[in-house]
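The values are calculated or read from the model by the stated rules, or taken from the named source; none is laboratory data. Predicted model only: the values in this text are computed from it and were never measured. Note that each Cβ is placed from the backbone with ideal geometry, even for glycine, and that neighbours are counted across all protein chains shown.
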Ligand code: GSY
């Protein structure tokens, strides 16, 4: 079984409903088991800033898919939920990005793992560090690194994960 962390984002339509439905959709795949979900954060847009705020979160999945197979499933899921590949940094109904896959470094045309921009983005690191097991993340990433990120103040809890129960937002 492989361990992967996947970032989820949305800034169009019923953001939370879309994210919730996407997680339920992934739960139905018998090659994916969602082990943990982070709180949901509302975040100021980074990159192209003249767009609506995002909701962002991270999930931990156990999967028998190879990394490129998982990528394909996530892209199909984005497409199913109405994602269109338009403006590169522009608004989107659903964004699913593989952040980590085991402790592997992957660099092929379609996929770079660890995700190349994750270290600069508080909207990714805050939910990742909330749920990640220390052994799953590279050693140079810690909570101190977060304080230095420019977008840290733009990341606010929108819906807290409730207690210790896993996947609390998204029971199937
Ligand atoms: O890279 C994912 C899409 N995206 C986001 C996002 O998910 N959250 C925030 N806050 N800004 C973003 N800019 C882009 S592009």
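Tabulated values for the structure
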read-out	value
Conditions (1) modelled with pLDDT of 95 or more; (2) more than 18 Å from residue 112 (Cβ to Cβ); number of the one not met by residue 48	(1)
Qualifying residue in the stretch 115-136 (condition: closer than 23 Å to residue 41 by Cβ and in a strand (DSSP E or B))	no
Residues being crowded, with 16+ Cβ neighbours inside 10 Å and assigned to a strand (DSSP E or B) - total across the stretch 45-75	9
Yes/no for residue 42 being away from the ligand (no atom under 16 Å from the Cβ), touching a residue at least 60 places away in the same chain (Cβ under 8 Å) and either surrounded by fewer than 19 Cβ atoms within 10 Å (Cβ to Cβ) or over 16 Å from residue 127 (Cα atoms) (or both)	no
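Here is a yes/no grid of residues against (1) modelled with pLDDT under 95; (2) within 16 Å of the ligand (Cβ to nearest atom):
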site: 4; (1), (2): no, no
site: 35; (1), (2): no, no
site: 55; (1), (2): no, yes
site: 65; (1), (2): no, no
site: 68; (1), (2): no, no
site: 86; (1), (2): yes, yes
site: 101; (1), (2): no, no
site: 104; (1), (2): no, no
